[in-house]
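Notes follow once the structure below has been shown.
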Amino acid sequence: MPELISAPPVSPIEPVIEIIHGVAVTDPYRWLENQNSPRTREWIREQTCYARSYLDNVPGRGLIRARIREFLAVETCDSFLKANSRYFFRKRLAEQEQACIYMCEGPAGEDQLLVDPSAQGGGRYTSVRPLRVSPTGQFLLYEVKEGGERSGIFEILDVPARRVLPDRLPHGYLRGFIFAKGERSFYYVHEGKEANRTFRRAVYQHVLGTDFADDCIVFCAGESDGLCLSLIGDHRRLGFVVCRILEETLTSFYLQSPESKDPPVPVVTDATFSLGPALIGDKILAITSRDAPNLRIVAIHLHEDGHTEWVDIVPETKGRIQQWVVTRDRILVSYVHQAETHVRVFDLEGNERQEWPVRTGGRTVRFLGASPETDEVVIECESFTTPPATLLCSVNSNRFDLWAPTAIPFRSDKFRHRQTFYTSSDGTQIPIFLVGRQDVLRRGCHPAIMTSYGGFGIPMTPRFSAFVAFLLERGCLFALPSIRGGSELGTEWHNAAKRRNRQTAYDDFLEAAKWLIATGRTTADRLAIFGGSNSGLLVAAALTQRPDLFKAVVCIAPMLDMLRYHLFDGACIWRDEFGTADDPEDFAVLVRYSPYHQVRAGVRYPATLLVSGDADGNCNPLHARKMTARLQASSSHHPILLDYSPFRGHSPVLPLTDRIEALTDRLAFLCDQLQLCA
């Protein structure tokens, strides 16, 4: 156990002053943006020693780790694919560090090991995931990752021969992949990780066993930093979706027969609405926001004169569509309304056939996979108090067979949830879930934890979390407000806190904290908040705007310097969600809430644990590094810690041991700050 270090390392202040739209903005820790400089690496080492001296000395840490191991060291299954009678999936055995890829013949067949990441030679940080399977089930495309990076290497396994083909796509990002007719070639869109210049966005065809340098271009979208190309279809038709990200996103969709020498047919050109097409047999189905903010599903008919006809298959409703999948003769659609999931089943002509009874009990349902050749769909179902279970559903017979339960030892019967409402600062009624033991929900003041998301139209629905479950067992109240910025009440709920309205989400979150305190459910010195990614930005905005409301904050993989976020890792694609400092009106909003710029000297900020790592290509770790330095310099009253790993990224693929230690750190921090019994 390391010796306790009483004070954080000193972070030299080297101010960089910029004039942005006539306003002087000071950045005291710009030097920490250089991730690989010797100074930054030494700073990270010192911060790690400081954090470890605190986290490793928390009383009861061993008991916390033991309980977390019980939660996490269980068998899990995910990433289901099907071809003919073969099922492919990823499975991790109870004590295994990383999941392997398996196959079984039929749902009751014996699991056959196909790909073991430990055989890749990269150590325990190597992970694998199945991505595509050829129509006959002979070939399997899978991804190989190192740590939490976004990019990967893409390999193809000859399944009967159990042989990895030499046709490997190198380190990068795969934007589309389809096995061609006869399975002797494939179409792909690949972006190399090391591309340091504008590269060509194109669909290539590769013949197995040949040199990639000989691949022919099937479709070229052009060369531009604001251009995204994706590929859909099968061996009968190819679809090319091109997005040009300018001040607004323009989407085009082209169609082509693989055998045709004619140019691709434009179906939609420079559309300002969203479009997600799918080629199902001889049909073109698409999910779209065209004349439907909450989305609808249409059939697009192409006429010989070039005219396109859009026919409603699944019309828009008050609930926003979250997912849709197509089986042999059915379309399954999941909606979220007031943070509840429900599933409706339609035939291919748009006639509603049934509604699944999944809303009771506050459950969330996700589609994991479906086969257009059969009536089967694989779903995952969970709630606040019930761990995820994977089910194989036969849609036409309405049969649900349990495929893979998650055997987490948690007494679900001891806990309950309920939904109520509170009033935000502008008078809007905001739904909020409360979860806890029955006695905690009924009465009294208790330690409490809260999170939300509030961005990108992503709804927060009931889900099981080992992190939350551990705290529930220790008498905490868990609060999940459905703040604006998500889509719990439709697309307008998202728009109400989008871009220049972003402060609305933060106001909703802060009002939830005030409501919990005002109603006597908790107090400021017993309330902690946590969140990751966009939710990490949310909790950081909350701690800088109202530090007096919170005892502790866990901020995971966040964006925090909102004046410079768009300059790194392609984050400029989020300009429609946040705006950028390049625009004077956006800048005026961003500078008022950017957490890094709102830290003030002498303020008693709550104890804060920031979590990040070198491999994060979504929310660059510079945000966590700079924020750690600024918070430490501003307040010495409470611990400000940085939990940093060279392997951690935005992808949840770290080995079991690392995940146990990481969750133990976060819970040890909160147990110490909230004075919870381990």
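Whether any residue in the range 254-269 is in contact with a Cys (Cβ under 8 Å, 6 or more places away or on another chain) and either part of a strand (DSSP E or B) or touching a residue at least 24 places away in the same chain (Cβ under 8 Å) (or both) is what I want to check.
Of the range 254-269, the ones in contact with a Cys (Cβ under 8 Å, 6 or more places away or on another chain) are none.
For the range 254-269, residues in contact with a Cys (Cβ under 8 Å, 6 or more places away or on another chain) and either part of a strand (DSSP E or B) or touching a residue at least 24 places away in the same chain (Cβ under 8 Å) (or both): absent.
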With the requirement that a residue be small (G, A, S) and under 19 Å from V218 (Cα atoms), what does the range 247-277 give you? S252, S257, S260
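For the range 355-368, state whether one or more residues are in contact with a His (Cβ under 8 Å, 6 or more places away or on another chain) and at pLDDT 90 or above. Please lay out each step first, then the result.
Applying the first criterion (in contact with a His (Cβ under 8 Å, 6 or more places away or on another chain)) to the range 355-368 yields 355-356, 358-359, 362.
From the residues that got through so far, the ones that are at pLDDT 90 or above too are none.
Among the residues of the range 355-368, not one is in contact with a His (Cβ under 8 Å, 6 or more places away or on another chain) and at pLDDT 90 or above, which makes the answer no.
Quick one: in the range 395-427, which of the residues that are more than 30 Å from R502 (Cα to Cα) and in contact with a helix residue (DSSP H, G or I) (Cβ under 6 Å, 6 or more places away or on another chain) is surrounded by the fewest Cβ atoms within 10 Å (Cβ to Cβ)?
Restricting to residues being more than 30 Å from R502 (Cα to Cα) and in contact with a helix residue (DSSP H, G or I) (Cβ under 6 Å, 6 or more places away or on another chain), the top hit is P409.
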Show me the strands (runs of 3 or more DSSP E) found entirely inside the range 55-106 where at least 2 residues are of a type in the set (A, V, I, L, M). 76-83, 100-105
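Residue-by-condition table, conditions (1) crowded, with 17+ Cβ neighbours inside 10 Å; (2) touching a residue at least 24 places away in the same chain (Cβ under 8 Å):
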position: R86; (1), (2): yes, yes
position: F89; (1), (2): yes, yes
position: A94; (1), (2): no, no
position: V115; (1), (2): yes, yes
position: S127; (1), (2): yes, yes
position: G147; (1), (2): yes, yes
position: R162; (1), (2): no, yes
Output for the range 206-244, where each listed residue is of a type in the set (G, A, S), in contact with a Leu (Cβ under 6 Å, 6 or more places away or on another chain) and under 19 Å from A180 (Cβ atoms): G233, G239
Qualifying position, being over 30 Å from A221 (Cα atoms) and acidic (D, E), among E75, E149: E75
Can we say I430 is assigned by TED's automatic domain parsing to the domain that holds T519 and in a loop (DSSP other than H, G, I, E, B)? no
So which residues in the range 141-172 are among the β-branched types (V, I, T), over 21 Å from the mean Cα position of the chain (by Cα) and assigned to a strand (DSSP E or B)? I156, V164
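Evaluate the following for R290: is it of a type in the set (D, E, K, R), surrounded by 13 or more Cβ atoms within 10 Å (Cβ to Cβ) and closer than 22 Å to V242 by Cα?
Judged against the criteria, R290 is a match.
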Within the range 646-662, residues in contact with a Leu (Cβ under 9 Å, 6 or more places away or on another chain) and at pLDDT 95 or above come out as L656, R659, I660, A662
State all residues of the range 469-496 that are surrounded by fewer than 22 Cβ atoms within 10 Å (Cβ to Cβ) and part of a loop (DSSP other than H, G, I, E, B); if no residue qualifies, say none. R474, G475, A496
How many residues does the range 202-246 contain that are over 24 Å from the mean Cα position of the chain (by Cα) and in contact (Cβ under 8 Å) with a residue 60 or more places away in the chain? 3
Just give me the residues in the range 497-521 being among the polar types (S, T, N, Q) and in a helix (DSSP H, G or I), in sequence order. N501, Q503, T504
Within the range 307-322, take every residue that is out of contact with any Leu (no Cβ under 7 Å at 6 or more places or on another chain) and crowded, with 18+ Cβ neighbours inside 10 Å and give me the one that is farthest from D282 (Cα to Cα). G319
Check R175, R197 and return the single one that is part of a strand (DSSP E or B), modelled with pLDDT under 95 and surrounded by fewer than 17 Cβ atoms within 10 Å (Cβ to Cβ). R175
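For L590, are the conditions met, namely being modelled with pLDDT of 95 or more, in a strand (DSSP E or B) and hydrophobic (A, V, I, L, M, F, W, C)?
Criteria not met by L590.
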Name, by its number, the condition in (1) assigned to a strand (DSSP E or B); (2) modelled with pLDDT of 95 or more; (3) not aliphatic (A, V, I, L, M) that does not hold for W403. (2)
List every residue pair whose Cβ atoms sit under 7 Å apart, with the two residues 6 or more apart in sequence or on different chains, where the first one lies in the range 569-598 and is of a type in the set (S, T, N, Q) and the second, anywhere, is modelled with pLDDT of 95 or more and not in a helix (DSSP H, G or I). S594/D561; S594/M562; S594/L563
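Here's the yes/no breakdown for (1) of a type in the set (G, A, S); (2) more than 20 Å from F367 (Cα to Cα):
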{"position": "K91", "(1), (2)": "no, no"}
{"position": "S118", "(1), (2)": "yes, yes"}
{"position": "G137", "(1), (2)": "yes, yes"}
{"position": "E155", "(1), (2)": "no, yes"}
Only listed residue being in a loop (DSSP other than H, G, I, E, B), closer than 25 Å to M460 by Cβ and not hydroxyl-bearing (S, T, Y), chosen from D616, D576: D616
Residues (over 14 Å from I640 (Cα atoms), part of a helix (DSSP H, G or I) and of a type outside the set (A, V, I, L, M)) located in the range 541-560: Q545, D548
Give all pairs with beta carbons closer than 6 Å in which a residue from the range 502-528 that is more than 18 Å from R474 (Cα to Cα) meets a residue that is of a type in the set (F, W, Y); count only pairs at least 6 apart in sequence or on separate chains. Q503/Y593; W515/Y422
For the range 18-40: of the residues being assigned to a helix (DSSP H, G or I) and of a type in the set (D, E, K, R), which is farthest from H623 (Cα to Cα)? R39
Looking only at residues in the range 345-362 that are within 21 Å of R290 (Cα to Cα) and buried (at least 16 other Cβ atoms within 10 Å of the Cβ), which one is farthest from the chain's Cα centre (by Cα)? L348
Over the range 369-385, the set of residues modelled with pLDDT of 90 or more and in a strand (DSSP E or B) is E376, V377, V378, I379, E380, C381, E382
Starting from residues that are in a strand (DSSP E or B) and touching a residue at least 40 places away in the same chain (Cβ under 8 Å), keep the ones in the range 433-453 and report whichever is nearest to F421 (Cα to Cα). F433
May I ask you to verify whether F400 is touching a strand residue (DSSP E or B) at 6+ places or on another chain (Cβ under 9 Å) and among the aromatic types (F, W, Y)? yes
With the requirement that a residue be buried (at least 19 other Cβ atoms within 10 Å of the Cβ), modelled with pLDDT of 95 or more and in contact with a strand residue (DSSP E or B) (Cβ under 8 Å, 6 or more places away or on another chain), what does the range 29-84 give you? I44, Q47, Y50, A51, Y54, L55
Which number in (1) farther than 19 Å from G531 by Cα; (2) modelled with pLDDT of 95 or more; (3) of a type in the set (S, T, N, Q) marks the one condition that S412 misses? (2)
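The values are calculated or read from the model by the stated rules, or taken from the named source; none is laboratory data. The structure displayed is predicted, hence computed values, not measured ones. All Cβ positions, glycine included, derive from the backbone under ideal geometry; neighbour counts span all protein chains shown.
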